[in-house]
Amino acid sequence: MDTVGFFLIGHGGLHSADVAGGPPYADRVFAGLTDDQMRARPAKTLNSLVWLLWHMARTEDVAVNLVVPVVLKYWTMNGSVGSTCPGARSGRA
């Protein structure tokens, strides 16, 4: 198995019911919790479950954008996909 295949299995296990063989990770974490429970901060210095999940997703997004080559495509005036910008990274100014 190559590196990409290994990554896809781990990623799919977290985010895809088809790969994980059951509900995705977030669904298992939040199962049975109310909105108030998910947003509750257990202490002033601790974050809520939804903040932690958001932060994990954002961190994953940044990491993936650094590792996986991204090719940006743009739409031409007639609505077709135009040239690409190889090496461009998503989420960066």
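Decide, for segment 3-68, between rounded, prolate and oblate: order the square roots of the alpha carbon gyration tensor eigenvalues as a ≥ b ≥ c, take rounded if a/c falls under 1.5, and otherwise choose prolate if a/b is larger than b/c, else oblate. In terms of gyration-tensor shape, oblate. Among the trypsin sites (Lys or Arg not before Pro) within segment 1-51, those in coil by DSSP and having at most 13 neighbouring Cβ atoms inside 10 Å are Lys44.
Between Arg39 and Ile9, the distance separating the two model label sites (each 7 Å from Cα on the Cα→Cβ line) works out to 4.0 nm. Each residue in Phe7, Phe30 was given a count of other beta-carbon atoms within 10 angstrom of its own, and listing them fewest first yields Phe7, Phe30. Between Glu60 and Arg28, residue separation times 0.36 nm minus the direct Cα-Cα distance comes to 9.7 nm.
Read the figures in this text as sums done on the coordinates, not as results from a lab. Everything numeric in this text was worked out from a predicted model, so none of it was measured. Counting neighbours? That spans all protein chains shown, and the Cβs are built from the backbone with ideal geometry, glycine included.
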